[in-house]
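Participant: Below you will find the structure I want to go over with you.
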Amino acid sequence: MKLTFEDIRENKEVQTYLQMGNNALGVIGFTEHGFAHAGICAATAAQILMQMGYDEHTITLARIAGYLHDIGNCVNRASHAQTGAIMAFQILKGLGMDPSDIAQVICAIGNHDEGTGTAVTPVSAALILADKSDVRRSRVRAVRTVATDIHDRVNYAVYTSGLSISPDRKTITLSLKIDTAISAVMDYFEIFLTRMLMCRKAAEFLGLQFQLQINDTQLL
C-alpha cells in the first residue's frame, strides 16, 4: 500500500507520540521537538531529494521519515532513534505500508542521531541534513534559560537560517546569521561540531560538499 504524507501527519497515533515526546523533552530542558520541528524536517528532507532529482516516491518516503523521526522521544531521549524506528515500524505496518518502504523509513529514523547513526541511504542522508540544520530561535521554550543553557543560547542567537543546494557546484550550504551579542560563534561549534561532521558525511553520500556559513563567513 502506498501511503501519503497526509496519512502519516493526520494519524492519531503519530500526533499523540510526537506531542508526548515534545512534552517530555520540555520537562528535562530540551528545545522544541514537536510538530514544528517534524514539519520542517519533513519539508526540508523532501526538498533536498527533489532538488537532487530523486523520484516522487523516494521524496515521499523522506518526507514521512522526516515527520516521524523523533517519535521515540516519548519513550526516552536515550536511544530515541532506535526506539522511534521500532515505533514507526509498528505504525506503518499497521497502516499497510509495503515492507520495502517501511525498511527505507525505519532505516533513516534509526540512523538520524549523531551518537549512533550515519547516512546509509538517500532518505537517511536527507533526514540527517534536514534534522541537523533546524537551528532557530523559535525552538527555545523559555527566554530565561538563554543565559544558563548553551543549547538554548545558540538556538536563540540564530535569527536567520537556510539550507540551499547548488546541484551544478555540487554543494549544500547551511547559512546562519547569529547575534554574537547573545552567543559567540565558538559556542555553536562547541555543541554542534559532531552534527556538522555528520552533515558532511550525509552530503558526501548524496554527492555533495557540505558547507557552513555563519554571518557570511564560510567556516566549513
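Participant: Among residues belonging to the range 116-154 that are of a type in the set (S, T, N, Q) and within 26 Å of Ala85 (Cα to Cα), point out the one that is nearest to the chain's Cα centre (by Cα).
Facilitator: Selected residue: Ser133.
Participant: Mind checking whether some residue in the range 8-23 is touching a strand residue (DSSP E or B) at 6+ places or on another chain (Cβ under 8 Å) and not in a loop (DSSP other than H, G, I, E, B)?
Facilitator: There is no residue in the range 8-23 that is touching a strand residue (DSSP E or B) at 6+ places or on another chain (Cβ under 8 Å) and not in a loop (DSSP other than H, G, I, E, B).
Participant: Also, quick follow-up: Going through the range 11-22 one residue at a time, which ones are closer than 12 Å to Leu68 by Cα and out of contact with any Leu (no Cβ under 7 Å at 6 or more places or on another chain)?
Facilitator: If we filter the range 11-22 for residues that are closer than 12 Å to Leu68 by Cα, which is where we start, we get 11, 13-19, 21.
Result: Asn11, Glu13, Gln15, Thr16, Tyr17, Leu18, Gln19, Gly21.
Participant: For the range 9-39, how many residues meet the condition of being surrounded by fewer than 20 Cβ atoms within 10 Å (Cβ to Cβ) and among the hydrophobic types (A, V, I, L, M, F, W, C)?
Facilitator: 7
Participant: Another question, then. What's the total number of residues in the range 24-44 that are hydroxyl-bearing (Ser, Thr, Tyr) and part of a helix (DSSP H, G or I)?
Facilitator: Result for the range 24-44: 1.
Participant: Can you name the number of the only condition in (1) surrounded by fewer than 15 Cβ atoms within 10 Å (Cβ to Cβ); (2) part of a helix (DSSP H, G or I) that Asn76 fails?
Facilitator: It is condition (2) that Asn76 fails.
Participant: The conditions are (1) out of contact with any Ser or Thr (no Cβ under 8 Å at 6 or more places or on another chain); (2) within 17 Å of Asp131 (Cβ to Cβ); (3) in contact (Cβ under 8 Å) with a residue 60 or more places away in the chain; (4) of a type in the set (A, V, I, L, M), and Leu49 fails exactly one of them. Which is it?
Facilitator: It is condition (1) that Leu49 fails.
Participant: Take the conditions charged (D, E, K, R) and without any contact (Cβ under 8 Å) to a residue 24 or more places away in the chain and apply them to Lys132. Does it pass?
Facilitator: So Lys132 fails the test.
Participant: Let me ask something else about it. Is there any pair with a first residue in the range 82-104 that is farther than 11 Å from Leu3 by Cα and a second that is modelled with pLDDT under 95 and among the β-branched types (Val, Ile, Thr) whose Cβ atoms are under 7 Å apart and which are 6 or more apart or on different chains, and what are they?
Facilitator: Filtered contacts from the range 82-104: no entries.
Participant: Would you check which residues across the range 19-55 are farther than 18 Å from Pro122 by Cα, more than 14 Å from the chain's Cα centre (by Cα) and of a type outside the set (S, T, N, Q) and list them?
Facilitator: Met20, Gly21, Ala24, Leu25, Gly26, Val27, Ile28, Gly29, Phe30
The values are calculated or read from the model by the stated rules, or taken from the named source; none is laboratory data. All of these numbers come straight from a predicted model, not from anything done at the bench. No Cβ is skipped: glycine too gets one built from the backbone with ideal geometry, and neighbour counts run over all protein chains shown.
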